[in-house]
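To start, the structure itself, in structure tokens.
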Amino acid sequence: MNIAVGQTRRLAVSPYARRLARERALPLEALRGSGPDGRILAADVLAFVPAAAPANAPDVAKAAGIAIAAHRIAAFAASLALGAVRDLLAALASAGKTFDIDDIVLRAVGRAFAENPVVGSGAWVALELGGRQMACPTNSEMPMTLLRASRLEALDRGSDDAEKPALLSLRLLPAGDIRPMMMALLPGRAMRLAVTVDGVGGHAECLLATDADSIDEAAAIAWLSSLKSAIESPLRLFV
Amino acid sequence: MAISTARSRDDFTGASNLPDRQVLLDLFERMVLLRRFESIAQIACRKGETPGFLHLYIGEEATGVGVCAHLRPTDWVTSTHRGHGHALAKGANPGRVMAELFGKADGICGGRGGTMHLYDRSVGLFGTNGIVAAGIGHAVGIGMGARQQGRDDIGVAFFGDGAANHGGFHEALNFAAVQRAPAVFICENNLYATATPLKSITLNPEIATKAASYGMPGVAVDGNDVFAVWLAMKEATERARSGKGPTLIEAKTYRTVGHHEGDPVIGTYRTQEELDAWIKRDPIDMFRKKLVEEYGIADAEALAAIESRIEKVVEEALAFARNSPEPDPATVRLHVFADPINPPAALQPRVVGETRTQGWLDAVRDGIAEEMRTDPAILYFGEGTGERGGSFAHTKNLWQEFGADRMVDTPISEQGFTAAAVGASATGARTVSDLMFADFAFETAGQIFLQAAKLRYMTSGRMSAPMVVRVGAGALRSSGPHHSGIYHPVFAHMPGLIVCVPSTPADAKGLMKTALRAGDPVIMLEPKALFASKGEVPVGDHYVPFGVARIARPGADITIVAAGQMVQRALEAAETLAAEGIDAEVIDPRTIMPLDIETIVASVRKTHRLLIVDEAWAMCGLGGEIAQAINELAFDELDAPPGRLHTAPTSHPFAPVLERAMLVDTARIAQGARDVIAGKPPVPDHWYTAGLKSAVPAIPAPAPAKTTPGAPAPQPPAAATNDEPVTMPFGDLTVSEGTVIKWLKAVGDAVKEGDLIAEIETDKAVVEIEAPVTGTLSAIDQPVGAVVPMGGRIGGISK
């Protein structure tokens, strides 16, 4: 699916502008349309100063920061209790079925999108892995075992999916008691979610950053609330 | 001139002038073949082996056999929906005819034609025909074409009594008679047009007598007496071959089956008594009896031997048809046009050489003359296009060079002479059918759409009608509702027609020359508004290929597609836009079919914006066609929705102010281009889906343009004096200017109102300028040699 199709407010983009943006891996959400009713035209894409291909991650963030600086970013934080998740994963492990917290969070992200379609389509999310991104399915219809297999397979493949369409990028960090406070959106992503998990797996902190121009703030809050609820009552993720 | 049926039989009961025995036995054998073939076909039809429906010839065999006995394979017959008998009588292979009825690959038309569209070049079968009276005119052209090619072959048209009340019959007979065409017309009068009795639809049911209206002999014969038919046809054939002209033969006969297979034999329109009476006069039984009892040239056993031999022939034909394979569905797209569609001359690499400035009409006239000199088989049919040189002076001097036999002045019978053009062009000649105005093409729409366009396809490529339909087209200065249309989308809709809309004298000439060498019918729509235009035309042979667009102006910001007189308007708009910093590319497709979509796509890849400007109407038109093609082929190239500008969806009004409001002009094109660039193309309103709203489009009528599109504005008076201006008069629609060739008065001379004071020569004639008032010639503004636009001032008279 094209990114724009599932946007809250449908982006009007001329076919040629869409093609140019695709070729340049530019996020349409980052562009301002000068055509009728804000339609994004080829000239808008060409006028957008594209960042040079980044050599390393800090540069990506810097370039994206400059690009996004023209936009309003909204950020929301939430604390999650992971006790139920920890107990559930232990019970499953004793029954011979191994899952990680990563699987739970990805699944919960899918559930949050499913429950808040107004935010957009989250069929794929980009999992941030140091210097690269990995596209993972979140389909809530798919058995957890398949989702996990697909994530592990992508992990093995090691490709960079930074240019694959995905609304959200997700960063999972082991961080003890440290809370993420601020972060820029990645190019082509209108949402970014950072989750830090404490050492014993009993507690997590979430920071959700969104492009306020394309995602309504109330919708973002509802989305984060769905995510929190899904992770704190993880049994529902397996049915 | 009619010979009575009775007397014609009496003439040879004495048997002194009987042809030799074999001729008579052949007539018998051929009739048996027709009868047995149809009987077998009837059974096959009832079993569902033949798709479609069949019209059987049973009962009428004597006519087809008696007529065709005189014909050579190089003579041609045109036929009707009831034509299997004609095909077999003319010598077509029974197995291949049967296979065609079965829709099989080995059929004489490869399964594309079928029962009502049987053609066979090898035996001179021009075709059974699904359209009543359509083939009559073909036979006229076939005869004229053969004559032009130096052969004494003739065209013979079969048709029914129903056709005798059709315009195609009357137009063809009149044209044939006045042209002394080598043709014979055979009316098979079986008393009913489908189920309508002849007597109920005409007060003169003696069809042979209708020949007198056209000054040709008309003969009525007993159509069930093969020898009577044979004798009448003998004389008519000799007459046609020897150049004495055509004959109408009315063969009175009867079909003893229903109109088509499955139709009741008697139905609601015939009685059992009538049927029984005709069965007693069965042509085969009657002739068998004559051969045995009257002429004494065969006994019953000999005839029975013939019949059993024929039985075997038709059984083999049936087996052949059954065993023949179905046509390959993969071939369905073949044989719409010649492949390649362009003649070799048009595919030669173009050498850019010397050019000269020429007017449109001169250039095209030169092209036609060059082709007529090269190909002596080109005939030109038109109304007033002979000695008088055409209504637009568009055939000036051709009659003088090529004579009346080739520059044929026709009656106002578009259907008749266009049918002749189809017949001639399909049998070795080439023809131009000049219909004067595009609007008039609808008078012969059937010949263009149903006959010429389909001929190649329905014969699986074995025949074609390489004719040119030439018309003046498009709006020009209040030509009004019946003389202004261009209609190219209508023609382009029909598979098999090539449609040209040139915009320059060079292209008009080059396309005409290509058309006169092409393999398919070409609709040549020459915009009347351009007849007075001039341009650079290559000297020497110059062919423009079909399906190759011309980039009339290169540009980078928007593609404007325009044809015909819209090209010049688009170029003017492009200049206006250039001043605003918009660089428009103008593409002139030159031919609407084939359409060079690739050039348009390439342009859109460059400009990413598209505006189609077309003189024809929008509904199902060129704008929608091209815009959708771009959606399909270059969607990702579009930076704005494509726009289209068409002539308003009304008939052409007469009042100049209304006509200007209807037509697309330069200002509208420029605005349309700006709107497309702004991402808001002009929204058309041609759908008339007002629904519950008012039927009148809500868009207010645009303000009338200041200048007349397509016409130079009258020049202002040269001097601001109070004298009465002497002007070059407005006159012929297609003339825009003239040259002063003589002043008969000098400044200071006294003139009376109506005195001849000057002469101006135009492309068509010398115009005498009279004094508009009595007074003294006070000024000569335009000396001898000056070129003056219509309406322009040339001098003044003081009162």
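Every number in this text was worked out from the coordinates using simple rules, so none of it is lab data. For clarity, every value in this text was computed on a predicted model and none was experimentally measured. Counting neighbours? That spans all protein chains shown, and the Cβs are built from the backbone with ideal geometry, glycine included.
Kindly identify region A:73-238 as rounded, prolate or oblate by the Cα gyration tensor criterion: order the square roots of the eigenvalues as a ≥ b ≥ c, call it rounded if a/c is under 1.5, otherwise compare a/b with b/c, prolate if a/b is larger, else oblate.
It is rounded, given that a/c, with a ≥ b ≥ c, falls under 1.5.
Can you give me the P(r) profile for region B:550-677? Cα pairs, bins 10 angstrom wide beginning at 0, each as a whole percent.
Taking every Cα pair in region B:550-677, the percentages come to 14, 48, 31, 7, 0.
Taking R0 as 41 Å, what's the FRET efficiency between B:Val773 and B:Lys534 from their Cβ-Cβ distance, rounded to 0.05? Let's see the in-between values first.
Details: r = 34 Å, r/R0 = 0.84.
The pair B:Val773/B:Lys534 has a calculated efficiency of 0.75.
Exceeding 18 Å between C-alpha atoms, which entries from my cross-link table qualify? They are B:Lys104/B:Lys312; B:Lys745/B:Lys799; B:Lys396/B:Lys528; B:Lys528/B:Lys764; A:Lys164/B:Lys606; B:Lys252/B:Lys280.
Cα-Cα > 18 Å for B:Lys104/B:Lys312; A:Lys164/B:Lys606; rest within.
Identify the GluC sites (Glu not before Pro) of region B:527-614 meeting these criteria: DSSP loop state and at most 12 other C-beta atoms within 10 Å of the C-beta.
Numbers: sites: B:Glu536, B:Glu572, B:Glu575, B:Glu580, B:Glu585, B:Glu598; in loops: B:Glu580.
Filter output for region B:527-614: B:Glu580.
For region A:9-40 and region B:138-184, what is the centre-to-centre distance using only Cα atoms, to the nearest Å?
First find each Cα centre; the distance between them is then 67 Å.
Kyte-Doolittle mean at least 0.0 and Cα extent at least 18 Å along the axis: which DSSP H helices of chain B qualify?
B:21-46, B:134-148, B:226-241, B:300-323, B:565-579
Helix A:101-115: angle to the longest alpha-carbon principal axis of chain A, degrees 0 to 90, nearest 10?
Tilt relative to chain A: about 60 degrees.
Rounded, prolate or oblate: which fits the protein assembly as shown when a ≥ b ≥ c are the square roots of the eigenvalues of the alpha-carbon gyration tensor, with rounded for a/c under 1.5 and prolate only if a/b beats b/c? Please report the intermediate quantities before stating the final value.
Working: a/c = 3.38, a/b = 1.52, b/c = 2.23.
Oblate is the answer for the protein assembly as shown, as a/c is 1.5 or above yet b/c matches or exceeds a/b.
Place a label point 7 angstrom from the Cα of B:Glu575 along the Cα-to-Cβ direction, then list the residues of region B:661-678 whose backbone nitrogen is under 20 Å away.
Within reach of a label on B:Glu575, which here means backbone N under 20 Å from a point 7 Å along Cα→Cβ, region B:661-678 contributes B:664-674.
Along Cα→Cβ, 7 Å out, is where each label goes; now give me the distance between the ones at B:Ser39 and B:Arg72 in nm to one decimal.
My value for the distance between the label points is 3.6 nm.
Within region B:742-799, list the GluC sites (Glu not before Pro) lying in a DSSP loop whose Cβ has at most 13 other Cβ atoms in a 10 Å radius.
For GluC sites (Glu not before Pro) across region B:742-799 that sit outside H, G, I, E and B with at most 13 neighbouring Cβ atoms in 10 Å, the list reads B:Glu753.
Out of B:Ser200, B:Ile626, B:Ile677, whose Cα points farthest toward the positive end of the dipole of the protein assembly as shown (charges: +1 Lys, Arg; -1 Asp, Glu; placed on Cβ)?
Comparing the listed Cα positions along the dipole, B:Ile677 ranks first.
Would you mind counting up the charge near B:Gly168? Only other residues with Cβ under 15 Å from its Cβ, with Lys and Arg at +1 and Asp and Glu at -1.
Overall, the nearby charge balance is -3.
Using the Cα centre of chain B as origin and beta-carbon charges of +1 (Lys, Arg) and -1 (Asp, Glu), tell me which of B:Ile284, B:Gly124, B:Thr776 is placed farthest towards the positive end of the dipole.
Positive-end residue among those listed: B:Ile284.
Give the calculated FRET efficiency between A:Glu115 and A:Phe238 to the nearest 0.05, with a Förster radius of 25 Å applied to their Cβ-Cβ distance. Write out the running numbers ahead of the final one.
Working: r = 16 Å, r/R0 = 0.65.
Computed FRET efficiency for A:Glu115 and A:Phe238 comes out at 0.95.
With each label point set 7 Å from Cα along the Cα-Cβ vector, what nm distance links B:Ala678 and B:Lys244?
7.8 nm
Tell me the GluC sites (Glu not before Pro) within region A:128-169 that lie in a loop according to DSSP and have at most 14 other beta-carbon atoms within 10 Å.
Answer by residue number: A:Glu141, A:Glu163.
R0 = 30 Å: FRET efficiency of A:Met142 with A:Arg22, Cβ-based, nearest 0.05?
The formula returns an efficiency of 0.65 here.
Evaluate the distance, in nm, between pseudo-label points positioned 7 Å from the Cα of B:Thr271 and of B:Arg121 along their respective Cα→Cβ axes.
Placing both labels 7 Å beyond Cα along the Cβ direction yields 5.2 nm.
Could you list which residues have their amide H under 5 Å from that of B:His652, counting only those 5 or more apart in sequence or on another chain, with H placed in the peptide plane?
none
Note down the net charge around B:Val123, summing +1 for each Lys or Arg and -1 for each Asp or Glu among other residues with Cβ under 15 Å from its Cβ.
+2
In degrees, nearest 10, range 0 to 90: what is the angle between the Cα axis of helix A:144-157 and the longest Cα principal axis of chain A?
Approximately 60 degrees, to the nearest ten.
Which order, highest average first, do A:189-202, B:311-324 follow once you tally other Cβ atoms within 10 Å for each residue and take the mean per peptide?
Descending packing order for the listed peptides: A:189-202, B:311-324.
What does the charge add up to near A:Arg72, with Lys and Arg as +1, Asp and Glu as -1, over the other residues with Cβ less than 10 Å from its Cβ?
Every neighbour counted, the sum reads -3.
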